[in-house]
Amino acid sequence: TQLLEQSPQFLSIQEGENLTVYCNSSSVFSSLQWYRQEPGEGPVLLVTVVTGGEVKKLKRLTFQFGDARKDSSLHITAAQPGDTGLYLCAGAEKKSNTGKLIFGQGTTLQVKP
Amino acid sequence: NAGVTQTPKFQVLKTGQSMTLQCAQDMNHNSMYWYRQDPGMGLRLIYYSASEGTTDKGEVPNGYNVSRLNKREFSLRLESAAPSQTSVYFCASTFWTGGSSGNIQYFGAGTRLSVL
């Protein structure tokens, strides 16, 4: 069974600080996605990374896929209160024919003004 | 666009009662999924339907059944609810093409279920 370990599980920081969330596995994934979830809503996709070593930027958010496609990170620069939410990584199984995703436990981010 | 619609949004059950959670998508997606979300455990897959007419167990299927009624609708049934099934349930859908780039899953807003 493929597992994704996310860390930290909870992060509380001041506005303007930088942070990094990690998503690690001993298994190889064909791609990895990051979702953001706000209270009372379902997760919404932020980005998909496919190639080992790939880096994608979305405004102040930088996503990286590990060279071996076993891990990923999300870095937020100068965090804003609007970044508050639950961040989930999800891996697509390497030999899946179902479209299933494996989700990490999530990182709850609180950005205080 | 409605996307993925889940009903009801909230439900309180007594132990042993049954209920069906409804999910419908209007994006012509072929694959649909039911997850449960518990604190500190992310999203765990209960059942999925890779295409109309097929359903398969996920990571935590015990105590649940599903029906893929048609391409649009995928329901989740609790036959005899237990307190351990208190959770937030999410339905998701995607257009699975079989590629390796990963599919975007679109989620409903969730059903918050309490079993007393």
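What follows is calculated from the coordinates using simple rules that are stated; it is not laboratory data. If you're wondering where the values come from, they're calculated on a predicted model, not measured in any experiment. FYI the Cβ positions are ideal-geometry reconstructions off the backbone, even for glycines, and counts take in every protein chain you see.
Packing around the peptides A:27-38, B:63-74, taken as the average count of other Cβ atoms within 10 Å per residue, puts them in this order, highest first: A:27-38, B:63-74.
With the largest listed first and rounded to whole Å, the semi-axes of the equivalent ellipsoid of chain A from the Cα gyration tensor are 24, 15, 12. Magnitude of the charge dipole for the protein assembly as shown, about its Cα centre and with charges confined to Cβ atoms of Lys, Arg (+1) and Asp, Glu (-1), is about 240 debye. Placing dummy labels 7 Å off each Cα toward the beta-carbon, the span from A:Glu41 to A:Arg60 is 1.7 nm. With each label modelled as a point 7 angstrom along the Cα→C-beta vector, the B:Ser80-B:Lys57 pair spans 1.8 nm. Per the Debye formula on identical point scatterers at the alpha carbon atoms of chain B, with no solvent, log10 I(q)/I(0) at q = 0.11, 0.16, 0.20 Å⁻¹ is -0.32, -0.69, -1.06.
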